[in-house]
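Enquirer: Pasting in a structure now, in structure tokens, and then I'll have a few things to ask.
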Amino acid sequence: MSNENNNYDNNTDRRQELIKSFLNNVERKLPFWLKDERDNINDILEELETHIWDRASELAEGGDPSEEQIELVIEQMGSPGKIAGEYKRRGKPKFYITEELFPLYQRILIIAVAVLASFNFLGMLFSIGSKGAGRLFGDFFQGIFISFAIALILITIQFVMLSREGYLPEDFNRFTSRLPITVRRFFETRPSETTETAEAQPEVAAKTAAIPTTTETEVLISTPKIVIDTEKPQIVKETIIVKEPRIIREERRAERAVSYKYSLGKNYLSEGITGIAFGAVLVILPFLPVFDFIPFESIKYFIVIFGGLTLVVGVIRFMQAIVGRVLRIQQGLMFLSLFPQAAFIPLFLGLIRPILGYDGLHQGALNTIDHIIANVDWIMDKATTVLVLQIIVYVIVGITSLVIIAEMSRIAKLGSEGFPVREVKVYR
């Protein structure tokens, strides 16, 4: 009899260890915004443990569940990461950043621009007298562009990560509660920025033939909320078995083009960030020692001008992504983007012919070709290299012209037909 009790105790200990290990893994993978709410986490883990025992008891047909049955139930529920990941699905889908966090993202970018411009302006004041006026203002705007590009990339990455973790603006209240009220208002959620709380409901795996009396035991957590259906057939309370808790988002009716930001902003945001980063690199690169192998200043100026135009187009695209569904402003920004795009045409043509009497770029290109042929084991002669350069330039000019024509067509179409629409489904 003593041996039987020892075996029973050992079996119980092993089952408890399996369940405890599984629950610990789930807890470790829960989103950060939920980890400060200890009571809610305990409720979640308690419901999961109850479900495991109930499911195992059903497999044991009312008997004492075995270790293998516990393992089977845990396997059926899914990985800890999958279960914990259901609590990250909060917020209305936008492109890379949820709609609830996007206004805060915009405000932080505006603050970043103001702070960076202030620091660069102070730096310019301290440099007065040590540099010429042209160099002074050039360094000022270059510093703003470079610092903003870096800040833009870092802030965007951070907000994308927060969106993937399921953060909402109200989740920052616990971090800002001790800050001055003027600072707290910056993080406060406005009515237009809130979304409905997602409600988590378990999947019912099986239904009994009889219809018992059903009650609902609700575990109140911030978001999401687990609802477990329990049945009371006669006297014994029995929990309906669920496969795994998951969030079921309320399906809304199909909407037409949720917003201009949704249909066009996604492309503009990535295009803007890429243009800003790439343009800033091209503006700086010719002044670094790594570019000393090019002895001709005109080619370096070509690279700087090309980078500057790319950076300007990137800034305009990024502004379009932020502005969103504002017709006149979008048209104005689209029209404004035509000028730097059109400037690419004479810039590249200047490599193969004089433009407006200026032959510097053309001579610089020819001198660079001579320098390459003389110092590098080049596979083509000068005439062939010049011909290839002309073909490349004409292809770039042709593509740029088509892009400008397409942009003008979009501006006119936007004015006559409004924003493009498409059938989409939005889930909260």
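Enquirer: How many of the residues making up region 367-405 are part of a helix (DSSP H, G or I), over 20 Å from PRO346 (Cβ atoms) and of a type in the set (A, V, I, L, M, F, W, C)?
Expert: Residues meeting the conditions: 7.
Enquirer: Would you point out which residue out of LYS82, LYS20 is outside any loop (DSSP other than H, G, I, E, B), modelled with pLDDT of 75 or more, farther than 30 Å from LEU152 by Cβ and within 41 Å of the chain's Cα centre (by Cα)?
Expert: It is LYS20.
Enquirer: Tally up the residues in region 295-311 that are crowded, with 17+ Cβ neighbours inside 10 Å and not in a helix (DSSP H, G or I), please.
Expert: 1
Enquirer: Let me ask something else. List the helices (runs of 4 or more DSSP H) inside region 96-197, counting only whole elements, that have at least 2 residues being more than 20 Å from GLY272 (Cβ to Cβ) and at pLDDT 75 or above. Give the steps one after another, and end with the answer.
Expert: Values: elements: 102-126, 133-164, 173-176, 181-187.
Because the criterion is at least 2 residues that are more than 20 Å from GLY272 (Cβ to Cβ) and at pLDDT 75 or above, the helices (runs of 4 or more DSSP H) in region 96-197 that meet it are 102-126, 133-164.
The values are calculated or read from the model by the stated rules, or taken from the named source; none is laboratory data. None of the values given here were measured: they were computed from a predicted structure. Heads up, the Cβs are rebuilt from the backbone with ideal geometry, glycines too, and the neighbour counts pull from every protein chain shown.
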